[in-house]
């Protein structure tokens, strides 16, 4: 079974307006002194020492550490016979692979160290697992085999500066197929690793961002070549004859997610091509016709999988940010009834055993730690296999995430999830008088084609416990609300909707006050959310009272120039072409408006970041230093695109929380 989660299921970092373009350009025209970005400082040991994270106060560190002790294992993968579950868990401080030999048995740790290690698959005989490991956050993971009982890792592929990812394991377990950009940094070749001889051979090496979407038992492949941020072309490929046959997506910019159907010549396709929302279709290559097999629900089909026994198609629906499970008969496409499952914000499928009998199920709700269970389709019984950990914490007191909305300046409602504290904190320096409103932290998600969702979030609760209202908006360009919403910010069109960032603060300030006092508002986010934070603090200076930008872009032109080669072409389809759209990129770059900064700003980056190079943070800080703006910069020398190691994560979140407590809670208004 190949599992295909939708973009909306991508992880949101803790730190994750349709308006006339002429009006936006006029209201955000750069100051005369704003010019091109300054020269980027070199990343030297002296610079890393200068921007090393300061020590956190003991009390704050303990507070953050306690919340980071709240952890839940991943859904995991079952052994072929359904007697063992392998899963990821960060209980040691970084994500590692664990094994449990039956429901509620004692878990055994299989991998260790500081570098995150991720379970990829279980070999068909159940005797080995395939894992990947990233070193120093550089996002150049290697692939390894490990005995299921534990022991040293056997390298399948690992090379400095090269990314490798698992394509699939052959059904007989003799071969492991993987993709790597070792031939060219902006292309992926496909290799077959022979488990017996421990040797790899090239299967497919044409230039392009290729991946294996699916495979037939006879060795034929379904290949995808990414052509844009959300678009791909699909081909059939026969390694025996080297024949490459175009199937779908050629000369299009449409979003497709495709798998082989049960019948020869059939494909199962997830696409919004025939409407605004993602649906599942049967595609017959002989007639080139798409026939819907799921109803038009006004919501996206978020992801799907086909069990290897050919019995079921399992899919989930993104219902306004909530995840709902469904099942189809893989041959007739008729609806299959789901066994009763506990209510939750998200009910999602994990892996299914090859015989189709067992599927892992993950349940997630705002006030209940995510749990992983195994569904036996034969008996309809759902069994919880392992328990999350919440030492010294009562998750039932966690604030629910309520779905609300704010109104953009053109009247468009923008959805947002809101978590509220039970009481507002006292403000240091206040004189006796009317109550003051709770301060607000607005966290913009990454992507931008991602989605803020409800569910359990220990990091968000840390802010709620500190007295902040915690808001996660889904501005235009977010996933989960249809094709038009998703693509409303592509390229220069972002100029028409970037005001969604400012409008969120305007709405909150006008409506969430008390006794005539508006709340203080902070802005944060990671990746594209970090960029959104920098936009909110520069282009829309004055909208927010403080900001913390994590691994965000400060100049879209230099970002596109310096991001990793395997990402550049795809990012251009999202943000714009530097040659054709240079002026729009300038107008959309936070550094263009550096002279407007008036509120406290903290910038956080990782020295090894391949997506948003740390040079984006350095050039922003250098420009702010020249203005004596009083901003702060923290650079983690051993992290990439967001912190992975426990101590670094504690510092990242701790400094963010301390920054907002200082500027939103303390001192006079």
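Data overview
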| quantity | calculated |
| --- | --- |
| Length-normalised contact order of the range 423-575 in % [C-alpha pairs under 8 Å, at least 6 apart] | 24 percent |
| Directionally averaged shadow of the range 534-669, computed from the convex hull of its alpha-carbon atoms, nm² | 8.7 nm² |
| Most to least packed among 167-176, 359-368, 531-540 [average Cβ atoms within 10 Å] | 531-540, 359-368, 167-176 |
| DSSP bridge pairs, the range 367-489: antiparallel proportion in percent, nearest 5 | 85 percent |
| Relative contact order, percent, the range 344-428 [alpha-carbon distance under 8 Å, six or more residues apart] | 18 percent |
| Whether the range 283-365 is rounded, prolate or oblate, judged on the alpha carbon gyration tensor where a/c under 1.5 counts as rounded | oblate |
| Taking only Cα atoms of the range 347-425, radius of gyration then Dmax in Å | 18.5, 55 |
| Ratio of the Cα radius of gyration of the chain to 2.2 N^0.38 Å, where N counts its residues | 0.95 |
| Measure of compaction for the range 476-549 (Cα Rg per 2.2 N^0.38 Å) | 1.20 |
| Hydrodynamic radius (Kirkwood) for the range 309-353, which is based on Cα pairs only, to one decimal in Å | 11.5 Å |
| Shape of the range 87-131, Cα gyration tensor, a/c cut at 1.5 | oblate |
| Protection proxy ranking, peptides 52-63, 600-611, average beta carbon neighbours within 10 Å, highest first | 600-611, 52-63 |
| Cα gyration tensor shape of the range 577-619, rounded if a/c is under 1.5, else prolate or oblate by comparing a/b with b/c | oblate |
| Size of the range 356-477 as Cα extents on the principal axes (Å, biggest first) | 65, 42, 20 |
| All Cα pairs of the range 227-371, percent lying beyond 20 Å | 53 percent |
| Global size of the range 101-244 as Cα Rg and Dmax, reported in angstrom | 16.0, 50 |
| Ordering of 476-482, 400-406, 337-343 by burial proxy (mean other Cβ atoms within 10 Å per residue, highest first) | 476-482, 400-406, 337-343 |
| Part-to-part distance (alpha-carbon centres) for the range 596-641 and the range 150-184, which is given in Å | 35 Å |
| If the convex hull is drawn through the Cα atoms of the range 121-172, its volume per residue in Å³ | 77 Å³ |
| Computed log₁₀ I(q)/I(0) - Debye formula, equal Cα scatterers, no solvent, the range 317-384, q 0.13, 0.19, 0.22 Å⁻¹ | -0.38, -0.79, -1.03 |
| DSSP-defined antiparallel bridges as percent of all bridges, the chain, nearest 5 | 85 percent |
| The range 490-564-the range 192-252 distance, computed between alpha-carbon centres (Å) | 40 Å |
| Intensity falloff of the range 593-669 expressed as log10 I(q)/I(0), Debye formula with alpha-carbon point scatterers, at q = 0.18, 0.20, 0.28 Å⁻¹ | -0.81, -0.94, -1.24 |
| Length-normalised contact order for the range 578-669 - Cα pairs under 8 Å, 6+ apart - percent | 28 percent |
| Rg/Rh ratio calculated on Cα atoms of the range 432-567 (Kirkwood radius) | 1.00 |
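FYI, it's all coordinate maths here, none of it is from the lab. Computed from a predicted structure; not experimentally measured. All Cβ positions, even for glycine, are placed from backbone atoms using ideal geometry, and neighbour counts span all protein chains on display.
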